[in-house]
1. Report the calculated FRET efficiency for Ser83 and Ala177 (r = Cβ-Cβ distance, R0 = 45 Å), to the nearest 0.05.
2. Take Phe104, Phe197 and order them by how many other Cβ atoms sit within 10 Å, fewest up front.
3. Quick check: residue separation of Thr213 and Glu164 times 0.36 nm, minus the Cα distance between them. What number comes out in nm?
4. Got a sec? How would Glu32, Glu164 order by Cβ neighbour count within 10 Å, fewest to most?
5. Would you mind counting up the charge near Val77? Only other residues with Cβ under 13 Å from its Cβ, with Lys and Arg at +1 and Asp and Glu at -1.
6. Quote the relative contact order of segment 2-125 in percent (integer), defining contacts as alpha-carbon pairs under 8 Å separated by 6+ residues.
7. Taking H as built 1.01 Å from N, whose amide H comes closer than 5 Å to the amide H of Trp122, not counting residues under 5 places away?
8. Where does each of Asp167, Asp105, Asp8, Asp3 land when they are ranked from fewest to most other beta-carbon atoms within 10 angstrom?
Amino acid sequence: MIDVLIVDDNPIVRSAIRTYLGTDEDIRVVGEASDGRTALVAAQRLRPAVTLLDHRMPVADGLSVISRLADQTAVLVITSDSSADVIAGMLRGGARGYLVHGEFDPPELLRAVRSVAAGSGWLSPAVASVTISVLRDHAAAERAGTDRMRRDREAYGLTAREREVLDLITDGYSNAAIGRRLTISEKTVKNHLNHIFGKLGVTNRTEAAMRWTGSQ
């Protein structure tokens, strides 16, 4: 038996979903909630296998509680919001599935509930398309950031040894530890650091690490 909690501020929507789920003898609605805050309490008390979560609700919306709910139950988002930001936020927060009102029928809802209950995911075609687009944009931004950091690093003109020292500084190694790792004296490490500080235009290890990693 798959126990389900329905979270939506619209009682008509909750009633319709309950009716849909009632057609499957393996699915049981164990509770309802009309906002995110009440949903958290209900999920902790009822321990549903699956929570059907709306986004736009009073008191606390779905996005504000998704991560805490996902720690207790498998979350299937059912909402009218198909914006890329909300979809991405819900999935990052731990939602296993996402359906948009008007774009699914009762049989798909039942399949989605069974899928997330079994530990799999479920995205409607429209949501999957948005998700792929968001992932592509994110990957492109990461590549652009990596390319920019590489160009910035090349502009500093550090030697191969200086880059090794700075990478170890960034990883938290002390001068003595760097010396042991690179088989050089601690004095040589300090000399390299002085050259690094001058080339990067910084005055200490923290500033050097931040500049090297693009945090400054």
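1. Efficiency at R0 = 45 Å is approximately 0.40.
2. Least crowded to most crowded, the residues run Phe197, Phe104.
3. Result for the pair: 16.3 nm of gain on full extension.
4. Glu164, Glu32
5. -2
6. Normalised by residue count, the contact order of segment 2-125 is 23 percent.
7. Result for Trp122 returns Gly97, Tyr98.
8. Values: Asp167 14, Asp105 8, Asp8 26, Asp3 17.
Going from least to most buried by this count: Asp105, Asp167, Asp3, Asp8.
Just so you know, all these numbers are worked out from the coordinates, no wet-lab data involved. Note that this is a predicted model, so its numbers are computed, not measured. With ideal geometry, Cβ positions are generated from the backbone for all residues, glycine too; neighbour counts draw on all protein chains shown.
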